[in-house]
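Enquirer: What follows is a single structure, and I will ask about it in a moment.
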Amino acid sequence: MDFTQVTYTRPDPAAFLRDIAAGAAALEAATDADAALAVAKRITALINDVDSQGMIAQIRHTIDTRDAFYAQEDAFWNDFEPQADAAKTDYLKAVLASPYQDALKTIYPKPYFLKAKDLLRTNRPEVIDLQQKANALASRYTDLIASAQVDFDGQTYTLAQLGPLRDDADRAVRKAANAAYWGFFAAHEAEFDQLYDDMVHTRTAIAQKLGFKDFSEMSYVFMDRFDYDEDMVATYRHEVQTKVVPLVQKQRAKQAKRLGLDHLAYYDLGVQFKSGNAKPEGTATQLVQAAREMYHEMSPEAGAFFDHMIDSHLLDLLAKPGKASGGYAEYIPAIQSPFIFSNFNGTSGDVDVLTHEAGHAFQTYLAKWIQPGDCVFPTFEAAEIFSMSMEFIAYPWMPKFFGTQTAKYRYAHLQAALEFLPYGILVDHFQHQVYTHPDWTPAQRKAEWRRLEKLYNPEKDYSENAALESGIYWMRQGHIFESPFYYIDYTIAQVVAYQFWKRFNVDHDPKAWQDYETMAKAGGSQTLLELLATGHLRSPFEPGALDDTLVAISQALDAVDDAAL
């Protein structure tokens, strides 16, 4: 299979809606288990195929947002997806009402039924037009970020390409590069403000039409947070604020000392060492080959997976003009294959992609036995466990990528994961504040971001950048615009991934890999807390759940002579 040659076909909306409706009627009319199962298999295959066409269009659009054909297809899917989701609700009603549940459970795992109940609450015909509008607004954000052409030091860069310069070892260079980067957001601040204001009001209207108090309340339903509630999240948030934030401040003080600074300015935060951050050694091709060797040494299944990714052209890794920002892994049911998208820019983040996004992709590769394509990935927070854990599992192979800089990479990566926890909580907390106060002005939203930023990230000193001090940092966080409330998931997964870090790198637990693979194969057939039980891991929502891991992390960081790095 060669992904570049995979055919994309726009589905016929009328035919799809008609076939789904017929499937719902046939399931309701089924007179025995075999008939019900036959309908379920047929409709599942239909949905998998149509969803796959949407994924192929989205992938090719993000690879080059300037491609007129796929820009047109992106607009089509923005309109069609809400219609398709609404059409599926009648079929889901038939599934949930069917007397042949035992037969249906042979094709649909438990989370499928839980998701079905959630979808029936969030996908209804009366909000299709609003969902279409929300999709179009998200695409405008994607295109705005992708359009950025920033002039710096005589050259023109995309935002991703500025990454290495923003973390340059030369303080004057990184200060200027950061000023240029944030200058783009400051120059387009009114546009970002208006775009987000439209999003907030559109999403609020959706929630209220569906009977929710606000979009914040609705988020626990559309994000399929099956195993936990707001009170459990409040406990978790408190644990991070009281235990992780002080530990991060301790590490930031050590960082300032390493850099020979009295205190860190905002443009210093990404630089860990005076000699510069660890950078991967080799070209993009060489890094991919190193990853191939790593996965073959990791396990036979991992090696076969990465061979498939390379040989089938399922990787698009380099940053280039017109390409959407960020990185992601997708699973395409029609070809039973994952796809990895990223923006290599010569930093250690390139290697993180080959572990993080490959962790996602490997999980779906192992779980492709699950028939409904939307259950191959588990729920969002569970899915991130596999990507973030793979970053830590890969530690023994880092010399392949960093050579003599390996110690610098491991130290910085372990610290960065710790620093991420408060930031991830901040992004989620901010969104809950925004959507419970939907009539806030843009200025009030920015003020609230800065208030929360001082609570969770008190080390951020923006005294040299008035725009950042006013609270615009969140404008660079695509999730806030494109995937609302998809962020605390990363932090929940990070806490769990740290447990795997300890098992692999501190305890050298011989059962750790088996647990990781068993969880990955289970994928979306289990809920979050069920997966944690499968992997013999502790729930992050328990009071004190972080304590042992934080002690181990602190000891590991303190054991390193960081000044020597």
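Enquirer: Being under 29 Å from Gly322 (Cβ atoms) and of a type in the set (Asp, Glu), is that true of even one residue in segment 21-44?
Expert: Within segment 21-44, none of the residues are under 29 Å from Gly322 (Cβ atoms) and of a type in the set (Asp, Glu).
Enquirer: Thr406 versus (1) surrounded by fewer than 22 Cβ atoms within 10 Å (Cβ to Cβ); (2) within 28 Å of Asp227 (Cβ to Cβ); (3) of a type in the set (Ser, Thr, Tyr): which is the lone unmet condition?
Expert: (2)
Enquirer: If Ala304 passes every condition in (1) touching a Lys or Arg at 6+ places or on another chain (Cβ under 9 Å); (2) surrounded by fewer than 19 Cβ atoms within 10 Å (Cβ to Cβ); (3) over 29 Å from Gln149 (Cα atoms) but one, which one does it miss?
Expert: Condition (1) is where Ala304 drops out.
Enquirer: List pairs: first in segment 49-73 and hydrophobic (A, V, I, L, M, F, W, C), second surrounded by fewer than 19 Cβ atoms within 10 Å (Cβ to Cβ) and in a helix (DSSP H, G or I), Cβ under 8 Å, 6+ apart or cross-chain?
Expert: Ala57/Phe76
Enquirer: If you take the residues in segment 197-229 that are assigned to a helix (DSSP H, G or I) and among the aromatic types (Phe, Trp, Tyr), which one is farthest from the chain's Cα centre (by Cα)? Break it down into steps so the answer makes sense when it comes.
Expert: Step one: of segment 197-229, the residues assigned to a helix (DSSP H, G or I) are 197-209, 215-222.
After this cut, where a residue has to be among the aromatic types (Phe, Trp, Tyr) as well, the list is 215, 220, 222.
Values: Phe215: 20, Tyr220: 17, Phe222: 16 Å.
Among those residues, the one meeting the criterion is Phe215.
Enquirer: Something else now. In the set Gln363, Gln371, Gln431, which member is of a type in the set (S, T, N, Q) and part of a loop (DSSP other than H, G, I, E, B)?
Expert: Numbers: Gln363 fails: part of a loop (DSSP other than H, G, I, E, B); Gln431 fails: part of a loop (DSSP other than H, G, I, E, B).
Result: Gln371 is the single residue among Gln363, Gln371, Gln431 that is of a type in the set (S, T, N, Q) and part of a loop (DSSP other than H, G, I, E, B).
Enquirer: Considering only residues of segment 285-301 that are over 18 Å from Pro396 (Cβ atoms) and either of a type in the set (Ser, Thr, Tyr) or surrounded by 15 or more Cβ atoms within 10 Å (Cβ to Cβ) (or both), which is farthest from the chain's Cα centre (by Cα)? Break it down into steps so the answer makes sense when it comes.
Expert: First, pick out the residues of segment 285-301 that are over 18 Å from Pro396 (Cβ atoms): 285-286, 288.
Then keep just the ones that are either of a type in the set (Ser, Thr, Tyr) or surrounded by 15 or more Cβ atoms within 10 Å (Cβ to Cβ) (or both); that gives 285, 288.
Values: Thr285: 25, Val288: 21 Å.
Among residues in segment 285-301 that are over 18 Å from Pro396 (Cβ atoms) and either of a type in the set (Ser, Thr, Tyr) or surrounded by 15 or more Cβ atoms within 10 Å (Cβ to Cβ) (or both), the one farthest from the chain's Cα centre (by Cα) is Thr285.
Enquirer: Looking at Asp268, Asp224 in this structure, which one is closer than 30 Å to Leu529 by Cβ and out of contact with any Leu (no Cβ under 6 Å at 6 or more places or on another chain)? Give the derivation first.
Expert: On the way: Asp268 fails: closer than 30 Å to Leu529 by Cβ.
Of the residues listed, the single one that is closer than 30 Å to Leu529 by Cβ and out of contact with any Leu (no Cβ under 6 Å at 6 or more places or on another chain) is Asp224.
Enquirer: Residues of segment 202-239 being farther than 30 Å from Glu542 by Cβ and either surrounded by 15 or more Cβ atoms within 10 Å (Cβ to Cβ) or of a type in the set (Gly, Ala, Ser) (or both), which ones? Let's see the steps before the verdict.
Expert: Kept after step one, since they are farther than 30 Å from Glu542 by Cβ, are these residues of segment 202-239: 202-211.
Listed by number, the residues that qualify are Thr202, Arg203, Thr204, Ala205, Ile206, Ala207, Gln208, Leu210, Gly211.
Enquirer: Sticking with this one: Of the numbered conditions (1) surrounded by 14 or more Cβ atoms within 10 Å (Cβ to Cβ); (2) more than 26 Å from the chain's Cα centre (by Cα), Lys274 satisfies every one except a single condition; which is it?
Expert: Among (1) surrounded by 14 or more Cβ atoms within 10 Å (Cβ to Cβ); (2) more than 26 Å from the chain's Cα centre (by Cα), Lys274 violates only (1).
Enquirer: Which count do you get for residues in segment 354-371 that are surrounded by fewer than 21 Cβ atoms within 10 Å (Cβ to Cβ) and either under 16 Å from the mean Cα position of the chain (by Cα) or farther than 18 Å from Phe305 by Cβ (or both)?
Expert: 1
Enquirer: Sticking with this one: In the set Asp461, Asp439, which member is surrounded by fewer than 20 Cβ atoms within 10 Å (Cβ to Cβ), without any contact (Cβ under 8 Å) to a residue 60 or more places away in the chain, among the charged types (D, E, K, R) and not in a helix (DSSP H, G or I)?
Expert: On the way: Asp461 fails: without any contact (Cβ under 8 Å) to a residue 60 or more places away in the chain.
Only one candidate qualifies: Asp439.
Enquirer: Going through segment 154-174 one residue at a time, which ones are surrounded by 18 or more Cβ atoms within 10 Å (Cβ to Cβ) and under 21 Å from Leu259 (Cβ atoms)? Explain how you work it out, then say what you get.
Expert: Here is the first cut: in segment 154-174, the residues surrounded by 18 or more Cβ atoms within 10 Å (Cβ to Cβ) are 157-168, 174.
Correct list: Leu162, Gly163, Pro164, Leu165, Arg166, Asp167, Asp168, Arg174.
Enquirer: So in segment 479-518, with the set limited to residues that are farther than 26 Å from Glu239 by Cα and touching a residue at least 60 places away in the same chain (Cβ under 8 Å), which one is surrounded by the most Cβ atoms within 10 Å (Cβ to Cβ)?
Expert: Going through the qualifying residues, I end up with Phe481.
Enquirer: Now for a separate question. From the list Ala36, Ala24, Ala29, Ala71, which residue is in contact with a Ser or Thr (Cβ under 7 Å, 6 or more places away or on another chain), over 25 Å from Pro338 (Cβ atoms), at pLDDT 95 or above and not acidic (Asp, Glu)? Outline the logic, then answer.
Expert: On the way: Ala24 fails: in contact with a Ser or Thr (Cβ under 7 Å, 6 or more places away or on another chain); Ala29 fails: in contact with a Ser or Thr (Cβ under 7 Å, 6 or more places away or on another chain); Ala71 fails: over 25 Å from Pro338 (Cβ atoms).
On inspection, the qualifying residue turns out to be Ala36.
Enquirer: Can you tell which of His308, His313, His238 is part of a helix (DSSP H, G or I) and either modelled with pLDDT of 95 or more or under 30 Å from Asp167 (Cα atoms) (or both)?
Expert: The unique qualifying residue is His308.
Enquirer: Regarding segment 82-105, can at least one residue be identified that is touching a Phe, Trp or Tyr at 6+ places or on another chain (Cβ under 6 Å) and either among the β-branched types (Val, Ile, Thr) or touching a residue at least 60 places away in the same chain (Cβ under 8 Å) (or both)?
Expert: First pass over segment 82-105, keeping only residues touching a Phe, Trp or Tyr at 6+ places or on another chain (Cβ under 6 Å): none.
No, because not a single residue in segment 82-105 is touching a Phe, Trp or Tyr at 6+ places or on another chain (Cβ under 6 Å) and either among the β-branched types (Val, Ile, Thr) or touching a residue at least 60 places away in the same chain (Cβ under 8 Å) (or both).
Enquirer: Scanning segment 137-181 for residues that are hydrophobic (A, V, I, L, M, F, W, C) and in a strand (DSSP E or B), which turns out nearest to Ser342 (Cα to Cα)? Show your work before the answer.
Expert: Taking segment 137-181 as the starting set, the residues that turn out to be hydrophobic (A, V, I, L, M, F, W, C) are 137-138, 144-146, 148, 150, 152, 159-160, 162, 165, 169, 172-173, 176-177, 179-180.
This time we only want the ones that are in a strand (DSSP E or B), so: 150, 152.
Details: Val150: 20, Phe152: 23 Å.
Among those that are hydrophobic (A, V, I, L, M, F, W, C) and in a strand (DSSP E or B), it is Val150.
Enquirer: Further, regarding this structure: Considering each residue of segment 259-270, count those that are in contact with an Asp or Glu (Cβ under 7 Å, 6 or more places away or on another chain), of a type outside the set (A, V, I, L, M, F, W, C) and modelled with pLDDT of 95 or more, and give that number.
Expert: Going through segment 259-270 one residue at a time, the tally reaches 1.
Enquirer: While we're here: Among the residues of segment 348-390, how many are among the polar types (S, T, N, Q), in contact with a strand residue (DSSP E or B) (Cβ under 8 Å, 6 or more places away or on another chain) and closer than 18 Å to Lys115 by Cα? Write out each step before concluding.
Expert: As a first pass, look at segment 348-390 and keep what is among the polar types (S, T, N, Q): 348, 355, 363-364, 371, 379, 387, 389.
Then keep just the ones that are in contact with a strand residue (DSSP E or B) (Cβ under 8 Å, 6 or more places away or on another chain); that gives 364, 387.
Checking which are closer than 18 Å to Lys115 by Cα leaves us with none.
Total satisfying the criteria: 0.
Enquirer: Out of segment 89-134, which residues are among the basic types (Lys, Arg), touching a Ser or Thr at 6+ places or on another chain (Cβ under 9 Å), closer than 21 Å to Glu28 by Cα and in a helix (DSSP H, G or I)?
Expert: Hits for segment 89-134 are Lys110, Lys115.
Enquirer: Still on this structure: Since Ser147 meets every condition but one in (1) within 30 Å of Ser348 (Cβ to Cβ); (2) surrounded by fewer than 17 Cβ atoms within 10 Å (Cβ to Cβ); (3) modelled with pLDDT under 95; (4) in contact with a Phe, Trp or Tyr (Cβ under 9 Å, 6 or more places away or on another chain), which condition does it not meet?
Expert: Every listed condition holds for Ser147 apart from (4).
Enquirer: Determine which member of the set Asp352, Asp374 is closer than 18 Å to Thr106 by Cα and modelled with pLDDT under 95. Full working, then the answer.
Expert: Details: Asp352 fails: closer than 18 Å to Thr106 by Cα.
Going through Asp352, Asp374 in turn, just one is closer than 18 Å to Thr106 by Cα and modelled with pLDDT under 95: Asp374.
Each row is one residue, and each column tells you yes or no for (1) of a type in the set (Val, Ile, Thr); (2) more than 14 Å from the chain's Cα centre (by Cα); (3) part of a strand (DSSP E or B).
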residue: Glu330; (1), (2), (3): no, no, yes
residue: Asp350; (1), (2), (3): no, yes, no
residue: Pro378; (1), (2), (3): no, no, no
residue: Glu381; (1), (2), (3): no, no, no
residue: Pro396; (1), (2), (3): no, yes, no
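The values are calculated or read from the model by the stated rules, or taken from the named source; none is laboratory data. No experiment lies behind these values; they were computed from the predicted model shown. When we count neighbours, we look across all protein chains shown, and the Cβ atoms used for this are built from the backbone with ideal geometry, even at glycine.
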